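Everything below concerns the one structure shown next.
The values are calculated or read from the model by the stated rules, or taken from the named source; none is laboratory data. All figures in this text were calculated on a predicted structure; none of them were measured in a lab. Positions of Cβ are backbone-derived with ideal geometry, glycine not excepted, and every protein chain shown enters the neighbour counts.
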Amino acid sequence: MINTISTDRAPAAIGPYSQAKAVGGFLFTSGQIPINPATGEIVGTEIKAQTEQVLKNIDALLQEAGASPDKVLKTLCFLADMDDFAAFNEVYAAYFTDKPARSAVGVKALPKGALVEIETIAYIGE
């Protein structure tokens, strides 16, 4: 059975998609950008602050599904400026201490002018 995961502790979808889906013991989160769920606004103007907010949003979805950062198997990270890669990695490494598999790519632009977007795949059990 496929379950839709939703929480008001992460930003509402800004398009025709779900915050996350769970199936077969796995959680698939939609890409999270640095939106404060209470205000609907982008948090911060630099990569570290924005990455911290993205990780807070991811954490809210993981918690809602009964998971935690150590259950994340794979991340896909999008950066609007690859010059931010080192600063992004500092914040990312402090959160994902179990070092999930990862792809990180530079993109031309992200929704709402965000500097970073991250999506995850996590194991949540049967």
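Could you pull out the residue among THR75, THR51 that is at pLDDT 95 or above, assigned to a helix (DSSP H, G or I) and hydroxyl-bearing (Ser, Thr, Tyr)? Write out each step before concluding.
Working: THR75 fails: assigned to a helix (DSSP H, G or I).
Answer to the check: THR51.
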Kindly establish whether VAL43 is out of contact with any helix residue (DSSP H, G or I) (no Cβ under 7 Å at 6 or more places or on another chain) and either within 17 Å of TYR123 (Cβ to Cβ) or of a type in the set (A, V, I, L, M) (or both). no
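Return yes when ILE118 is of a type in the set (Val, Ile, Thr), surrounded by 17 or more Cβ atoms within 10 Å (Cβ to Cβ), at pLDDT 95 or above and under 26 Å from GLY25 (Cα atoms) and no when it is not. Working first, answer last.
Values: of a type in the set (Val, Ile, Thr): yes; surrounded by 17 or more Cβ atoms within 10 Å (Cβ to Cβ): yes; at pLDDT 95 or above: yes; under 26 Å from GLY25 (Cα atoms): yes.
Here the answer is yes, as ILE118 does meet what is asked.
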Consider LEU62 against the criteria (1) part of a helix (DSSP H, G or I); (2) touching a Pro at 6+ places or on another chain (Cβ under 6 Å): it satisfies all of them except one. Which criterion is unmet? (2)
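Per-residue answers, yes or no, for (1) farther than 19 Å from VAL107 by Cα; (2) surrounded by fewer than 18 Cβ atoms within 10 Å (Cβ to Cβ); (3) free of Cβ contacts under 8 Å to residues at least 40 places away in the same chain:
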residue: ILE42; (1), (2), (3): no, no, no
residue: THR45; (1), (2), (3): no, yes, yes
residue: THR51; (1), (2), (3): no, no, no
residue: ILE58; (1), (2), (3): yes, no, no
residue: GLU64; (1), (2), (3): yes, no, no
residue: SER68; (1), (2), (3): yes, yes, yes
residue: VAL72; (1), (2), (3): yes, no, no
residue: THR75; (1), (2), (3): no, no, no
Every pair of residues 6+ apart whose Cβ atoms lie under 9 Å, when the first sits in region 10-21 and is more than 13 Å from ILE58 (Cα to Cα) and touching a residue at least 60 places away in the same chain (Cβ under 8 Å) while the second is part of a strand (DSSP E or B) and of a type in the set (A, V, I, L, M): ILE14/ILE35
Is it the case that region 52-60 has a residue that's over 13 Å from the mean Cα position of the chain (by Cα) and not hydroxyl-bearing (Ser, Thr, Tyr)? no
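State which residue is surrounded by the fewest Cβ atoms within 10 Å (Cβ to Cβ) when the search covers only region 1-10 and only residues that are in a loop (DSSP other than H, G, I, E, B) and not small (Gly, Ala, Ser). Walk me through how you get there before you give the answer.
Residues of region 1-10 that are in a loop (DSSP other than H, G, I, E, B), as a first pass: 1-2, 6-10.
With the extra rule that they be not small (Gly, Ala, Ser), the set shrinks to 1-2, 7-9.
Values: MET1: 5, ILE2: 9, THR7: 17, ASP8: 11, ARG9: 13.
Per the stated criteria, the residue is MET1.
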Within region 11-32, is even one residue more than 23 Å from TYR123 (Cα to Cα) and part of a strand (DSSP E or B)? no
